[in-house]
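Just so it is clear, none of the values below were taken in a lab; they were calculated from the coordinates. Quantities reported herein were computed from a predicted structural model and do not represent experimental measurements. Using ideal geometry, Cβ is built from the backbone for each residue, glycine included, and neighbour counts are taken over all protein chains shown.
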Amino acid sequence: MINIAQSLQKVRQRMSDAAKVAGREASDIQLLAVSKTKPIDMIHTAYQAGQSCFGENYLQDALPKISALHKLPIEWHYIGKLQSNKCKDIAKHFNWVHSVDRLKHVHLLNQHRSDNQAPLQICLQVNLSGESSKNGIDTHQTINLAKAITPLARIQLRGLMTMPNPNSPKQDQIRIFQKLAALKTRINQQNNRSLDTLSMGMSDDLELAIAAGSTMVRIGTDIFGPRN
Ligand SMILES: *Cc1c(COP(=O)(O)O)cnc(C)c1O
């Protein structure tokens, strides 16, 4: 069985090494522990080792975990595919959503977020590899969607997320990370926004993502071990 405290320590070390190489502050890069398919006790162990942000992909798998751990000040991030019929539960139970790619979902999330909660933090999921089978929208659609998201009471647009094809050459992945960073800058300048989040980098490519400006890496396998 994997030693979670130790693997977390290793990942944090890799992050701070990568930040140093890139001439960045380690504190500018957050670690999101991706706990999809992993049991409650593993999340609890990671929490006790100092990890407080967790990412989940499957709503039905995530809700019982969120409920069981509700006494802990955990920040929950939804990183899976977004669908209209899931927006209500996601808006109620998560702090962040990384996978927004339709205006309709933005409005549904806003509608179901309660006034008693802090605004839901969202990222737009961008697909820069040109593969139509993958989730996410292209550069133009992202610019248009960012423009269309008018100020809403219960939603805060924070940034962009991407996930390159893990089987593509490293050079292509680097280019995709750089493109996402450039797109964020462009949206901020052209639309007078202040997006501050680049959600990119996973177990195999966190160094490349941090070199390109990632502010949040999403790590599953290297913290919790391989998924079944
Ligand atoms: C599963 C998943 C991750 C974590 O991937 P690892 O390679 O296990 O680190 C990150 N982001 C998203 C969107 C995922 O679905």
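Things to note:
- Highest-MSF residue in the chain out of Thr197, Thr45, Thr215 [GNM, Cα springs under 10 Å]: Thr45
- Using a Förster distance of 30 Å, the FRET efficiency for Leu63-Arg154 (Cβ separation, nearest 0.05): 0.90
- Structure remark: mean-square fluctuation, Gaussian network model of the chain, C-alpha springs under 10 Å; the largest value among Lys134, Lys147, Lys71 belongs to Lys71.
- Most mobile listed residue (Leu128, Leu82, Leu152) in the chain, GNM with C-alpha springs under 10 Å: Leu152
- Mean ellipticity per residue at 222 nm, deg cm²/dmol - from DSSP H runs of n ≥ 4 across the chain, formula -39500 (n - 2.57): -12500 deg cm²/dmol
- Added length on full extension, which subtracts the Cα-Cα distance from 0.36 nm per residue, Gln171 to Lys134: 11.4 nm
- Exposed loop sites were defined as GluC sites (Glu not before Pro) in DSSP loop states (anything but H, G, I, E or B) carrying at most 12 other C-beta atoms within 10 Å; in the chain the longest segment without such a site runs 26-130.
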